[in-house]
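Peer 1: Let me give you the structure first, and then I'll get to my questions.
The values are calculated or read from the model by the stated rules, or taken from the named source; none is laboratory data. No experiment lies behind these values; they were computed from the predicted model shown. As a convention, Cβ positions derive from the backbone with ideal geometry for all residues, glycine included, and neighbour counts pool all protein chains shown.
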Amino acid sequence: KKPTRSSNFIKQNFFNKWCKISGASISQEKSKHLHICRKNRCSIDQFQINSAAFTNVKELKVLGLIFNKTCNWNSHIAFLAGDLSKRINILKSICGLSSESHINSLANVLKSIILSKIDYALIIYGKASKTQLSIIKKYYHHALRIISQAFRTTSIMNMLTELGLPTIELNN
């Protein structure tokens, strides 16, 4: 069903009444409007409350999660992958060849800098497509290989069992 200008006006009128009744004031500088829709072109361009127009954005970051207008997790997972690659570089510097750290200590470091980032809001974005989640798994498995100094042919399940770490599916 295509949203009409009158339904848009009704929604804006509802928010205006709610602001008056509750005494809430909405900051125009801090607020953004994200219209979630799978259509390519929608008629909603701007949202107004008490003559304050809010800018329409294609992506919105809320508490570390990035939502986009098509309600898929592509932009959030791309942002998370960039952050994980930086954290893997930290892990590489800790696990250098000259370092003789105990593997359990390295597993704790992996939990704190890699797995904590993946686990944050995984219950929300964990329902993304398998191809999108495979991007996150790739970084997690790479980190496992770094700390265990395993060959590329070593089974992921063997490394997870040896280190006592969960799979991403178990955390989801």
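Quick grid of which residues meet (1) surrounded by fewer than 15 Cβ atoms within 10 Å (Cβ to Cβ); (2) in contact with a Lys or Arg (Cβ under 9 Å, 6 or more places away or on another chain); (3) not basic (Lys, Arg):
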position: Tyr120; (1), (2), (3): yes, no, yes
position: Lys127; (1), (2), (3): yes, no, no
position: Thr131; (1), (2), (3): yes, no, yes
position: Ser134; (1), (2), (3): yes, no, yes
position: His142; (1), (2), (3): no, no, yes
position: Ala150; (1), (2), (3): no, no, yes
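Peer 1: Can I ask one more? Determine, yes or no, whether Lys11 is at pLDDT below 70, basic (Lys, Arg) and either assigned to a helix (DSSP H, G or I) or under 23 Å from the mean Cα position of the chain (by Cα) (or both).
Peer 2: yes
Peer 1: Working only within segment 96-119, note down all residues that are farther than 21 Å from Gln149 by Cα and touching a helix residue (DSSP H, G or I) at 6+ places or on another chain (Cβ under 9 Å).
Peer 2: Passing the criteria: Lys117, Ile118, Asp119.
Okay, residues lined up against (1) under 21 Å from Ala143 (Cβ atoms); (2) at pLDDT below 85; (3) exposed (fewer than 13 other Cβ atoms within 10 Å of the Cβ):
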{"position": "Glu59", "(1), (2), (3)": "no, no, no"}
{"position": "Phe67", "(1), (2), (3)": "no, no, no"}
{"position": "Asn72", "(1), (2), (3)": "no, no, no"}
{"position": "Leu84", "(1), (2), (3)": "yes, no, no"}
{"position": "Leu91", "(1), (2), (3)": "yes, no, no"}
{"position": "Leu97", "(1), (2), (3)": "yes, yes, yes"}
{"position": "Ser105", "(1), (2), (3)": "yes, no, yes"}
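Peer 1: Among the helices (runs of 4 or more DSSP H) confined wholly to segment 87-172, which include 2 or more residues that are under 17 Å from Ile77 (Cα atoms)?
Peer 2: Once the helices (runs of 4 or more DSSP H) in segment 87-172 are filtered for at least 2 residues that are under 17 Å from Ile77 (Cα atoms), what remains is 116-119, 122-125, 130-148, 168-171.
Peer 1: Moving on to the next point. When you scan segment 75-110, how many residues do you find that are of a type outside the set (S, T, N, Q) and over 18 Å from the mean Cα position of the chain (by Cα)?
Peer 2: 14
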